[in-house]
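Here's the structure, in structure tokens; my notes come after.
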Amino acid sequence: MSNYLECVIVEHNPAQKQIDRAVIWLHGLGASGHDFEPVVPQLGLNDDMAVRFVFPHAPKRPVTINGGMIMPSWYDIFEMSLDRKVDVAQIEQSTQYIQDLISREIERGISAENIVIAGFSQGGAVAYHLALSYPKPLAGLLCLSTYLATNDTINYSAANKKLPILIEHGTHDPVVPVSLGEQASKTLAAKGYNVDYRTYPMAHQVCMPQIQGIGVWLNKILL
């Protein structure tokens, strides 16, 4: 049996139906699964939808750019340059953790086609790696204020070639420059993916107009 990551679970189910949709949402460096928990009621999801939001807590590990301090982290970050070196092995390890969570939702009766993978910042890099390599079709990929860290190592899956991808970034982001979000969008579009790229006048964060727009997108792809 897999040792699942601890998760915060929030269910949107006004009609009290059987849950048949899921969103697995990864937080950023040093945060927790509680980080995006308050967003769920602000999304404006349709009342007839039954969606389980899964917010996993990242493992705690030393992070090089923070002096080796141990904190919740999906992978070690060696440097903050634009062309940053990443710990591919730890990204792949975290990808396996999330694949296990997908498998658990499938065991609970939710098909992969009804599961969205989302991630903010560091969590978004893992979300990219996972969704683009996953062997079964997924419902969608949401990447917030992040970057495509493993383009050269992802085993791109034909099953998700038509995956709806929403990439969003703050134009004043001092942590992950907006150029990295744009670069990811262009890279995936050039590969033939269906990419919707949006920017907001904000820093390394989310804002209410963005949250509402994400809700509209989720209502559409989780029909």
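The values are calculated or read from the model by the stated rules, or taken from the named source; none is laboratory data. Treat the numbers as computed from the prediction; the structure is a model and nothing was measured. Cβ sites come from the backbone with ideal geometry, for glycine too, and all protein chains shown count toward neighbours.
Listed values, structure above:
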{"item": "Hits in the stretch 33-48 - residues which are outside any helix (DSSP H, G or I) and in contact with a helix residue (DSSP H, G or I) (Cβ under 7 Å, 6 or more places away or on another chain)", "result": "43, 44, 45, 46"}
{"item": "Filter result for the condition that a residue is touching a helix residue (DSSP H, G or I) at 6+ places or on another chain (Cβ under 7 Å), part of a strand (DSSP E or B) and in contact (Cβ under 8 Å) with a residue 24 or more places away in the chain, over 102, 117", "result": "117"}
{"item": "Residues of the stretch 152-181 that turn out to be in a loop (DSSP other than H, G, I, E, B) and touching a helix residue (DSSP H, G or I) at 6+ places or on another chain (Cβ under 6 Å), as a count", "result": "6"}
{"item": "Selected residue (criterion: nearest to residue 74 (Cα to Cα)) from residues of the stretch 121-145 that are touching a residue at least 60 places away in the same chain (Cβ under 8 Å) and in a loop (DSSP other than H, G, I, E, B)", "result": "121"}
{"item": "Residue that is modelled with pLDDT of 95 or more, surrounded by 21 or more Cβ atoms within 10 Å (Cβ to Cβ), touching a Pro at 6+ places or on another chain (Cβ under 8 Å) and closer than 21 Å to residue 30 by Cβ, where the choices are 170, 181", "result": "170"}
{"item": "Filter result for residue 148 (touching a residue at least 40 places away in the same chain (Cβ under 8 Å), within 19 Å of residue 191 (Cβ to Cβ) and assigned to a strand (DSSP E or B))", "result": "no"}
